[in-house]
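Chemist: The structure is given below, and queries will be raised subsequently.
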Amino acid sequence: MVVGLVSLNAMRVDAAYRTRSVAERVRLLTDERRTLVNDVARLSSPSRIGTWAHARGLVSPAAGDVVILQVPGTSGSTEPSRIKE
């Protein structure tokens, strides 16, 4: 009976340790996810992207300069079309 109680207690302690370990892992992953979500929000900010593009010489298109290229085989026309405003 003593061996049974000791074994039962050991199993209870092991289960408590695993539960604590899993809870800690969940907390760490939750923190990491929060950090990654914040990074995505910061990096996808239109102002940050605009600043990055401007620093590399990219410019916004002037009105009427936007051209949509059609991929051959996906529509009836293969000629570029201009956006009409």
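Chemist: Assess whether ALA23 counts as being modelled with pLDDT under 95 and part of a helix (DSSP H, G or I).
Modeler: Yes: the conditions hold for ALA23.
Chemist: Looking at region 42-63, I want the residues that are assigned to a loop (DSSP other than H, G, I, E, B) and have a partner that is loosely packed, with under 10 Cβ neighbours inside 10 Å with Cβ atoms under 7 Å, at least 6 apart or on another chain. Which pairs are those?
Modeler: Matching pairs, first to second residue: ALA63/GLU85.
Chemist: Of the residues that sit in region 64-85 and are part of a loop (DSSP other than H, G, I, E, B), open to solvent by 100 Å² or more (accessible area, probe 1.4 Å) and at pLDDT below 60, which one is farthest from ARG48 (Cα to Cα)?
Modeler: The qualifying residue farthest from ARG48 (Cα to Cα) is GLU79.
Chemist: Another question about this same structure. Looking at (1) at pLDDT 95 or above; (2) open to solvent by less than 100 Å² (accessible area, probe 1.4 Å), which is the one condition that is false for ALA15?
Modeler: The single condition ALA15 does not satisfy is (1).
Chemist: Looking at region 51-63, which of its residues are open to solvent by less than 90 Å² (accessible area, probe 1.4 Å) and modelled with pLDDT of 90 or more?
Modeler: Passing the criteria: ALA53, ALA55, GLY57.
The values are calculated or read from the model by the stated rules, or taken from the named source; none is laboratory data. Predicted model, so just to flag it, every value in this text is computed and none were measured. Note that each Cβ is placed from the backbone with ideal geometry, even for glycine, and that neighbours are counted across all protein chains shown. Each accessible area value is taken on the protein alone, full model and side chains, heavy atoms only, with ligands, DNA and RNA left out. Shrake-Rupley method; radii C 1.70, N 1.55, O 1.52, S 1.80 Å.
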